[in-house]
Every structure is written in C-alpha cells, then in structure tokens.
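Engineer: Quick one: the structure is below, questions incoming.
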Amino acid sequence: EGWGSGWYVRYTLVMLVCTMALVILSHHVLVRMGHERYERVTAVGYSCVVFGWMTVLSVRQPTSSISLLGYVRLPVNLAPFGSLIFTSVVVPQASFVGHLAGIVAGYAVAWGAFAWMNWWWTGALALATATAIATSLDATTDLFDFPAARRLRSMTLAGWQPASAGAGSRGAFAGVGRKLGGGAPTDMTDSNV
C-alpha cells in the first residue's frame, strides 16, 4: 500500500489508539507489579505517534542511516530505540512507557497487523475516539457546561440510574480526583469528576 495522505491519516489514528491502549495496559501491569508511582502518571502529547512513525520508516527504509548530533551515524532501523534512550536522558520526565508503546504500535503498523483497516473501520475508530475524548472532557472539565449540553445530557441520561445510585451523582463511577485546571473537589455529589 502507498504512502499517501489517506494512509497517513488512517495509520496515525490507529497508532494513537494503540499507544493509548498500550500505555494504559502497561501502567496497569506496572502498578500490579508493585510500582505505585505509575498510579498517578499521566501521558500527554503526540510524541508516541511520532515514535511510531519513526519505527514505520525504519522498517520500510532499513538501509538508510541518520546522524545523531553530527557525531554518530545510526542505522535507521535502530533510530527509534536510540531516540528513546536519548529522549529519556535529555528529558527525564518524558514518558518512557508512552514512547516505547509508540515503537510497538509502529512495528504493528509496519508489519501489516492493521492491513485490514479500510475507510469504514477508520471512520468507526475516529467516531469512537472522538466520543471517548468528549466523554472524558465532559467528566473532567467544564468545557461542555452550557445550556444545550446540559439539556442533551439530561435527555440521554433521563431514567438511567446506576446500580449503586447512592454512591454520588455518578453512581459507581464516582471517584476521588481533580478536575483539570482546578483543585480537588470538595463534595463528590456535585463535582464533575
């Protein structure tokens, strides 16, 4: 398959979703293994997808080489791992797990694991991703706090009550946390968490 814009959009979306899933799974496994510091780690940004594209390029153009800071010539098939190490040294707070997930997703794309992904599936994945992002923003910010959104929310959730409705306004999904851009909620029954 070619390298055109459609191919780029399709597989960027695939790598975005794959890296998110791999990061969540990795953090879950790390927490289960006793690394509690991963309970509160957040990963944001597009760099995981950049690492994925770097990996796709390294698989599709294995004979090329790149120069690191003008001193070291690195075969392009090692570039994702060299960049991972370099980024971890220069920017220690960068997400090592997120960048590694991007490399893994890049190999999956380059080796054809998502060759079945046509435009119908791309649209379905885009819609699911947009819905997940909107739901997350609605739960953690006041971005959708305007009259039309409140009416729509009350119409779609009217009559639906979670099994443990006494657990707060979000039922079983109520938790402790912080709103993006704000402090800790004082009362879970009237927070957007």
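The values are calculated or read from the model by the stated rules, or taken from the named source; none is laboratory data. Nothing here was measured: the structure is a model prediction, and the numbers come from that model. Counting neighbours? That spans all protein chains shown, and the Cβs are built from the backbone with ideal geometry, glycine included. When the accessible area is computed, the model is the full protein with side chains, heavy atoms only, and any ligands, DNA or RNA have been set aside. Shrake-Rupley method; radii C 1.70, N 1.55, O 1.52, S 1.80 Å.
Engineer: Any residue in the stretch 27-47 that's in a helix (DSSP H, G or I): show its pairings with residues that are surrounded by 12 or more Cβ atoms within 10 Å (Cβ to Cβ) and hydroxyl-bearing (Ser, Thr, Tyr) at Cβ separation under 6 Å, as long as the two are six or more apart or on different chains.
Structural biologist: The qualifying pairs are His27/Tyr38; Leu30/Tyr38; Val31/Tyr38.
Engineer: Taking Ser64 as meeting all but one of (1) at pLDDT below 85; (2) closer than 18 Å to Val49 by Cα; (3) open to solvent by 40 Å² or more (accessible area, probe 1.4 Å), write down the number of the exception.
Structural biologist: Here Ser64 meets the rest and fails (2).
Engineer: Tell me which residues, restricted to the stretch 123-155, are of a type outside the set (Ser, Thr, Tyr) and either touching a helix residue (DSSP H, G or I) at 6+ places or on another chain (Cβ under 7 Å) or outside any helix (DSSP H, G or I) (or both).
Structural biologist: Selection gives Leu125, Ala126, Asp142, Leu143, Phe144, Asp145, Phe146.
Engineer: May I ask you to say which residue of Gly175, Gly182 is farther than 21 Å from Val44 by Cα, at pLDDT below 85 and not in a helix (DSSP H, G or I)?
Structural biologist: Residue meeting the stated conditions: Gly175.
Engineer: Please count how many residues of the stretch 104-122 are within 19 Å of Met20 (Cα to Cα), open to solvent by 40 Å² or more (accessible area, probe 1.4 Å) and not in a loop (DSSP other than H, G, I, E, B).
Structural biologist: The total comes to 3.
Engineer: Condition first: surrounded by 13 or more Cβ atoms within 10 Å (Cβ to Cβ) and either touching a residue at least 24 places away in the same chain (Cβ under 8 Å) or of a type in the set (D, E, K, R) (or both). Now tell me which residues in the stretch 72-86 satisfy that.
Structural biologist: Ala79, Pro80, Ser83, Leu84, listed by residue number.
Engineer: Can you tell me which condition Gly52 does not meet? The list is (1) surrounded by 19 or more Cβ atoms within 10 Å (Cβ to Cβ); (2) at positive phi; (3) not charged (D, E, K, R), and all the others hold.
Structural biologist: (2)
Engineer: Right, here's the next one. What pairs come up if the first residue lies in the stretch 125-143 and is farther than 15 Å from Met15 by Cα, the second is assigned to a helix (DSSP H, G or I) and basic (Lys, Arg), and their beta carbons are under 8 Å apart, counting only those six or more places apart or on different chains?
Structural biologist: Asp138/Arg153
Engineer: Got a sec? Which of Arg73, Arg32, Arg10 is among the basic types (Lys, Arg), within 24 Å of Ile133 (Cα to Cα) and either out of contact with any Lys or Arg (no Cβ under 7 Å at 6 or more places or on another chain) or at pLDDT below 85 (or both)?
Structural biologist: Arg10
Engineer: Also, I was wondering about something else. Please enumerate the residues belonging to the stretch 18-29 that are over 13 Å from Ile103 (Cα atoms) and among the β-branched types (Val, Ile, Thr).
Structural biologist: Listed by number, the residues that qualify are Ile24, Val29.
Engineer: I would also like to ask the following. Just to be sure, is Leu69 of a type outside the set (Lys, Arg), open to solvent by 60 Å² or more (accessible area, probe 1.4 Å), more than 21 Å from Trp7 (Cβ to Cβ) and in contact with a Ser or Thr (Cβ under 9 Å, 6 or more places away or on another chain)?
Structural biologist: Numbers: of a type outside the set (Lys, Arg): yes; open to solvent by 60 Å² or more (accessible area, probe 1.4 Å): yes; more than 21 Å from Trp7 (Cβ to Cβ): yes; in contact with a Ser or Thr (Cβ under 9 Å, 6 or more places away or on another chain): no.
Answer is no for this residue.
Engineer: Conditions: (1) at pLDDT 85 or above; (2) open to solvent by less than 50 Å² (accessible area, probe 1.4 Å). Met20 meets all but one. Number of the miss?
Structural biologist: Going through the list (1) at pLDDT 85 or above; (2) open to solvent by less than 50 Å² (accessible area, probe 1.4 Å), Met20 breaks only (2).
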